[in-house]
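Data first, discussion second: the structure below is written as structure tokens.
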Amino acid sequence: MAGDGGWTLTDDDRQLFLAEAEEMVQALEEGALALERGGENPEMLQAMFRAAHTLKGNSGLVGEAGIAAHMHNMEALLDDLRGGRVAVTPALVQQVLSGIDSLREMLAQFAQGGSPVEAAPVAATAAPVEAPLAAQPAPLAPGQAMPRYIVHLAIDAACPMPAVRVFQAYQAISRLGPLERTDPPQEHLAQFEGRSATVVLRLGHPEDVKEALSGIDEIQLESVQAESVASPAATAGQAGQAGPQAAEAEREAAAQTVRVRVELLDHLMNLVGELVLDRTRIADLVSRLDGGKDQESEELRQELSRSSLHLGRVTLDLQETIMKARMLPIEHLFRRFPRLVRDLGAKSGKRVQLEIYGQDTELDRMVMDELGDPLTHILRNAVDHGIESPEKRLAAGKPEQGRIILRAATEEGYVVVDVADDGGGIDAEAVKRTAISRGVLTPEQAERLSMHEAQELLFAPGFSTSEEVTEISGRGVGLDAVRASLERLSGVVDLSTEPGQGTTFRLRIPLTLAIMRALMVRTGDAIYALPLGSVRQIVRLGKDNVQTAHGRPLLADRGKLIGLRSLAQIYDAPDSGEDAFAVVVGAGDRQVALKVAALLGEQEIVLKSFGDFLGAVPGLTGATILGNGELALVADVRYFLRGKEAS
Amino acid sequence: MAKILVVDDAMFMRSRLRGLLEGAGHEVTEAPNGKEAVERFSELQPDLVLMDVTMPEMDGLEALKKIRSTSPTAKVIMCSALGQQSIVLEAIKAGAKDFIVKPFRPEKVLEAVGRQIPQ
Amino acid sequence: MSESEGGAKLLGDDGELQFVLFEIEGVTYGVEVERVLEIVLRPEVSRVPSAVDCVEGVINLRGTVLPVLDLRRRFRLGGDAARATHVVILQLQGALAGISVDGVSQVVRIPVAAIEPPPAAITGPQVRYIEGIAKLETKLCVLLDLDRAFDPGEIALTAGGDQDGR
């Protein structure tokens, strides 16, 4: 590759080059991050490829052979990606990202007028090169009047595209007469990398060949020989290509995984649900079979019973396996955050270190997709508002560098993600002041707010945590959006803060949207499922623990008063008046006691939506199908915790 | 002197080629993508087109085919990069006169242009 | 206006159309056979609280949860859905839903010529939901315009008051 292109560069040229390069780098990085999110699409890969390609061309032009070579490697990699020859793996995305980092360094060096830089050994996954194809002699045409000639062509060693030159030559020679045989054969030209070619044809004036080839660069006529002269067949270049085995290995590894649409897994899950029901029915039938009448029917009954049990175990196994297929380590999501935090810190002039724990915690793929935006927002908040400026930190006796801890762990069917910063904490008074200035609260109301209630204001729509709106956190997107995202996942977000010590956001998300453990209860005419993650305790109702204050029923439990509501009433169902228990459900430090008639026990349930026609129903996250085929409604605990009765 | 249409999505590349070709006494018009190239071509009927292969909107190959379908004698030189051999091959089959490979050497560009435009 | 529109759509065609007929509160209704996925014995319907007015509840159709719509409430017919014997599973705009019916009589071919626009005597908002009236040998049959009768947008709109129960 020519480094000394012979162009002279003015300062304007350099500026233009750098400005355009910056655009390309951005496009590449955006694309790489999208890949990481699993959101790649052909247009995006095409755009990335184009960016790499353009930058390669430009850098060649400014004599930056190092950058050009670097971009060539990246381009090859992206070409494989868009061609589907290479699968998107975490390692691969990392490769692209570090390639972009090296590129940035190279460009920075160029901007400082440094000497031409060397290509860093990154993004070295070369495109698998197709094996050279064997020459294919075509049958010779029957004897003609003109003598047959063999034309030997030589291609310049520096020619970058021998196939095209050879094709041009074939095209030019064919104007003299039909080509009877060529080596390489025309249909395999696209893969040709050799340096010589042979054409056989009948010619009246063999000297015309030279003239025909005169307009074609990088190709020489070696000889034109009459057929009678024996000639060794010219062979296509057979130079072994480095790395085909490695490429083969990579392809094999990729072949061991397949991409499956989540909807397909959902469908499988539904089918398994049906199997479970059938299994239950069979078990029911077996129990009703009257064995024992005679030896034979008793044996049949036992046989059937064993088969039914086995069917049950297999079905359960199948269910779990499908669930596992939907799970991915949360690393897939976390991987993009170190860069985000680094970049945000750099922008705001803060030094921030991100520590990540529990990367191998597994989470439903769909849940993970939904979690990306809220987590990004919380991290932005932590860098932007949580961590103080280096000066402030030093003045407060803290290390200059701020710390953010991102931690994931599994807890009883839930994944808990903590984002903890060691920043200045949230100033409840400042929050109140802002609320008053925005007309959210009157000064009198603010006065009465507890610390926690003040913090809750942060989640109110349109409320921003900063007194001054900064470029980084952006305008108008507040924690209300974070809470809304979490609620869509049947999850919960809470925060705890210690002035001067830092703030921790805690996200609790069901492991999977589809399966959860629930406490089944009956009240009125229906059965409800209460997600177990929100169930705090169960209390038998009696005369001594139900009170009334200001006309509101309360449950007295170990000195505490909890708002008491009838589950039937919440759902506009007839209250049979036979409620005997209270189930205390809560999230964060809000809780409410729900009156129910009967407890039906814990159960793993498969959550089903109400379908497109109904969409979301307030107060319910969906329905689930019970063992007998009946439906139970799955309560959205968050919905009634927001009510006034919660305390 | 010839009228030459330079098509490339990189402004930098276009400006370099313009400088080179104008220095050699040609008249240069630019287009940033294949779609505009087709439009400019029918307006201006240039003597020669330098056509980048990889571009947004409409790539070079498609633009070449469009141009050749309305002007079968159009002279187009493909500006390609290493690794695009099969595309260039297809372009030649579709009627491109020649090709140059990035990174360009100025003399190579002028040679290729010279082969298409008799001085 | 809407009745002539509804009628014109059918009257433009020649030949016959196939309808599935069912009864609700003594009236025979018909829907185009292409829109009917299947007809099942009415399973237990779980009431969905504070859902829109014409939604009776949800059922379990072999592992899928489907809403069941109540034509009685939609058309203000009165009566009780609990009398229904079958649920007709219909393909509505992009979504599946069932309607509870008192009885399913048959699938009939109705000549286009036998379909008339709703008589002027029928007034009120419901007329928009009627595609036409077909005269059969022994009775009249109301042919439903399903997309209008169960337009999710319109249903959500009319139910705005109910939904605000928080």
Keeping every protein chain present and rolling a 1.4 Å probe, give me the accessible area per residue for region A:515-641 in Å².
42
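Taking only protein heavy atoms and a 1.4 Å probe, what accessible area per residue, in Å², does region A:148-226 have with all protein chains in place? Intermediate values should be presented prior to the final figure.
Numbers: 3150 Å² over 79 residues.
Accessible area per residue: 40 Å².
Would you mind giving the total buried accessible surface between chains C and A, with a 1.4 Å probe and ligands, DNA and RNA left out, rounded to the nearest 100 Å²?
2100
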Delta accessible area of at least 50 Å² on complex formation, residues of region C:54-90, 1.4 Å probe, chain isolated as reference
C:ASN60, C:GLY63, C:VAL65
Under 5 Å between amide hydrogens, which residues at least 5 positions from A:ALA460 or on another chain qualify, with H placed 1.01 Å from N in the peptide plane?
none
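Nearest 100 Å² is fine: what is the total accessible surface buried where chains B and A meet, probe 1.4 Å?
On the way: alone 6360 and 34360 Å², together 37410 Å².
For B against A, buried area totals roughly 3300 Å².
Over all residues in B:50-62, what is the mean tally of Cβ atoms on other chains that come within 10 Å of each residue's Cβ? Present the calculation step by step, with values, prior to reporting the outcome.
Numbers: counts 0, 0, 3, 1, 10, 3, 5, 0, 0, 2, 0, 0, 0.
The per-residue average across the peptide is 2.
Distance cut-off 27 Å, Cα to Cα: go down the list A:LYS56/A:LYS350; B:LYS35/B:LYS93; A:LYS210/B:LYS3 and report the pairs above it. Don't jump to the answer; show the numbers that get you there.
Details: A:LYS56/A:LYS350 34 Å; B:LYS35/B:LYS93 21 Å; A:LYS210/B:LYS3 30 Å.
Result: A:LYS56/A:LYS350; A:LYS210/B:LYS3 exceed 27 Å.
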A:ASP480-A:ARG37 FRET efficiency (beta carbon distance; Förster radius 22 Å; 0.05 resolution)
0.40
Per residue accessible area of chain B, 1.4 Å probe, in Å²:
39
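Can you give the mean number of other chain Cβ atoms that lie within 10 Å of the Cβ atoms in peptide A:163-173?
On the way: counts 5, 16, 6, 1, 6, 6, 0, 0, 2, 0, 0.
Mean inter-chain Cβ contacts per residue within 10 Å come to 4.
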Using a Cα-Cα cut-off of under 20 Å, which lysines could be cross-linked to A:LYS543, ignoring same-chain neighbours fewer than 8 residues away?
A:LYS560, A:LYS595
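If you count, for each residue, the other Cβ atoms within 10 Å and average over each peptide, how do A:192-205, B:3-16 line up from highest to lowest? It would help to have the intermediate numbers written out before the result.
Values: A:192-205: 18.9, B:3-16: 23.6.
Order by mean packing, descending: B:3-16, A:192-205.
Inside 10 Å of the C-beta atoms of A:625-633, what's the mean count of C-beta atoms belonging to other chains?
Values: counts 5, 1, 0, 1, 6, 5, 11, 1, 6.
Neighbouring Cβ atoms belonging to other protein chains average 4 per residue here.
Considering only protein heavy atoms and a 1.4 Å probe, what is the carbon-and-sulfur percentage of the accessible area of region A:148-226? All intermediate terms of the calculation are to be shown ahead of the outcome.
Values: 1470 of 3150 Å².
Its accessible area is 46 percent carbon and sulfur atoms.
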Near A:LYS398, which aspartates and glutamates are there with a Cα under 16 Å away, not counting those fewer than 8 places off in the same chain?
A:GLU388, A:ASP421, A:ASP422, A:GLU498
In nanometres, what is the gap between the two model label sites at C:VAL107 and A:ASP612, each 7 Å from Cα along Cα-to-Cβ?
2.4
Run the accessible area of region A:11-111 with a 1.4 Å probe and give the carbon-and-sulfur part as a rounded percent.
49
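Roll a 1.4 angstrom probe over the protein heavy atoms and tell me the percent of accessible area of chain B that is carbon or sulfur. Write down the numbers at each step before the final one.
Numbers: 2320 of 4680 Å².
Carbon and sulfur: 49 percent of the exposed surface of chain B.
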Neighbourhood charge, 10 Å Cβ-Cβ cut-off, centred on A:LEU176 and excluding it, Lys, Arg +1 and Asp, Glu -1
0
Can you compute the radius of gyration and Dmax for region A:148-226, using only the Cα atoms, both in Å?
11.3, 33
Taking a crude spin-label model, label points 7 Å out from Cα along the C-beta direction, the A:THR89 to A:LYS392 distance in nm is 4.4
List the aspartates and glutamates whose Cα lies under 15 Å from the Cα of B:LYS66, skipping any in the same chain that are fewer than 8 positions away.
B:GLU36, B:GLU39, B:GLU43, B:ASP52, B:GLU57, B:GLU90
In Å and whole numbers, how far do the C-alpha atoms of region A:262-325 stretch along each principal axis, longest first?
50, 15, 11
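The values are calculated or read from the model by the stated rules, or taken from the named source; none is laboratory data. The shown structure was predicted, so the numbers you read here are calculated from the model rather than taken from an experiment. When we count neighbours, we look across all protein chains shown, and the Cβ atoms used for this are built from the backbone with ideal geometry, even at glycine. The accessibility values were calculated without ligands, DNA or RNA, using every heavy atom of the protein model including side chains. Shrake-Rupley method; radii C 1.70, N 1.55, O 1.52, S 1.80 Å.
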